[in-house]
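Student: The structure is given below, and queries will be raised subsequently.
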Amino acid sequence: MKMLLFFRERLCIIEDMADTSKTDKTTSDKNPAAVMLGRLGGLKGGHARAAKMTPEERSESARKAVLARWEKAKKEKI
């Protein structure tokens, strides 16, 4: 299932790159192949990192993320 999802993600990225009607400011002056590889690495990174962590480390990481989101939400209300 993961391989199918990975394949679909790659296919969507390649289709987006081939679509010349889209004008994306972030990729207009960058090498499209490098952008695609960077995105693919980013998509895999979080899952690979979580797989290597112990349950305690994952819990601590999630706790930090929640606190950061709450702090951001508090600042936006003000």
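All of the numbers you see were taken from the coordinates with simple rules; none came from a lab. Values in this document were obtained by computation on a predicted structure and should not be read as measured data. Cβ sites come from the backbone with ideal geometry, for glycine too, and all protein chains shown count toward neighbours.
Student: Return the sequence-ordered ³J(HN,Hα) values of segment 66-75 in whole Hz as given by the Karplus equation 6.51 cos²θ - 1.76 cosθ + 1.60 applied to θ = phi - 60°, using x for Gly and Pro.
Tutor: 5, 4, 5, 5, 5, 4, 5, 5, 5, 5
Student: Moving to a separate point now. Give me the one-decimal nm value for the distance between modelled label points at M36 and E15, 7 Å along each residue's Cα-to-Cβ direction.
Tutor: The two pseudo-label positions are separated by 1.4 nm.
Student: When the chain is fully extended, how far beyond the present Cα-Cα distance does V66 get from K44, taking 0.36 nm per residue of separation?
Tutor: On the way: separation 22, 0.36 × 22 = 7.92 nm, distance 2.14 nm.
Gain in length upon complete extension: 5.8 nm.
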